[in-house]
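Student: Supplied in structure tokens, the structure appears directly below.
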Amino acid sequence: MFRAHALLVCLLAYLPAVLAIGLSIPPVLIGDKKRYSSPLNLANCVSYLTSKDDIITVTIKAGDKLNSQLLNLNVFDSQKNTLRFLEDLEHNQMVMFTNLDYQLSGQDHHWKRLLDFHREKKPQEGIDLLPSVPDKTYVHICFDNIYLDKSWSFQKQPRELIINVDIKSLTALKKTNYKKYAKYFSHFLESDDIETDFDFSEENFESAVKKLENLLNEVSEELDASLKIVQNLKLHERRLRDLNEEIFENYIKTSTLLLFTIGSLGLIQLFYYKFYFKRRKLI
């Protein structure tokens, strides 16, 4: 069993760096820690071999939350170092991390902030299911579907999710030539900067992306407002249509009643005059 599982995880470890994977996580009773994900239980894990300067980005589509069930994310390496832990996942989530072999310098404050570096290496314990590779570290992205309700009537369900794993080298990212992106953000730059050989650095790129993000947020808010207006118009149109149909229905009823009343009064008058003339022997 362990050999088959180890072979499967080894194959997953050599999958492409960017890949969408569908997972079905079976429910586990809270407190049953033997069935929780760990270096000795990788049944609900996707494992990757990473270099010391790799940045791993995981995008999770967890769907809606299930009643009395928690979907937890637990990311750890072969030495049981916890790289990320998120509890009660739902909808869309994204996490970034790197393995503990990479040491950021003091100039990498941006990446320290982005990756939230508060980690401590632990001594290796136990055994590994996967073979070791020189200068490489296994990173295990694991999920636990924990149910809290112990009653006999509770219907526990597996949790379906989709994950996207993107692995990139931080060294390569730091060598990115941001000048080639400057033309796409020309409207964010001063006119003098466009005419001269402007040094478009990482800070300028982040600033331009931030401005673009703000503009996109404004456009999104305007689209939301327009959507609300359209929804209100549709609601009012439906109400006005219902009101128009109600008015027309009342008009038909009133007209029918009025015509019936006029016809009835006409017949009553006709019978009255006929009876009257017969009594007077005029007809």
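The values are calculated or read from the model by the stated rules, or taken from the named source; none is laboratory data. Owing to the predicted nature of the structure, the values given are computational and were not obtained by experimental measurement. Ideal geometry is used to build each Cβ from the backbone, glycine not excepted, and the neighbour counts take in all protein chains shown.
Student: Going through L86, L71 one at a time, which residue ends up being surrounded by 18 or more Cβ atoms within 10 Å (Cβ to Cβ), within 25 Å of K150 (Cα to Cα) and either in the same structural domain as S153 (by TED's automatic domain parsing) or of a type in the set (S, T, Y) (or both)?
Tutor: Values: L86 fails: surrounded by 18 or more Cβ atoms within 10 Å (Cβ to Cβ).
Just one listed residue meets the conditions, L71.
Student: What number of residues in segment 49-89 are farther than 15 Å from F143 by Cα and in a strand (DSSP E or B)?
Tutor: The number of residues fulfilling the criteria is 6.
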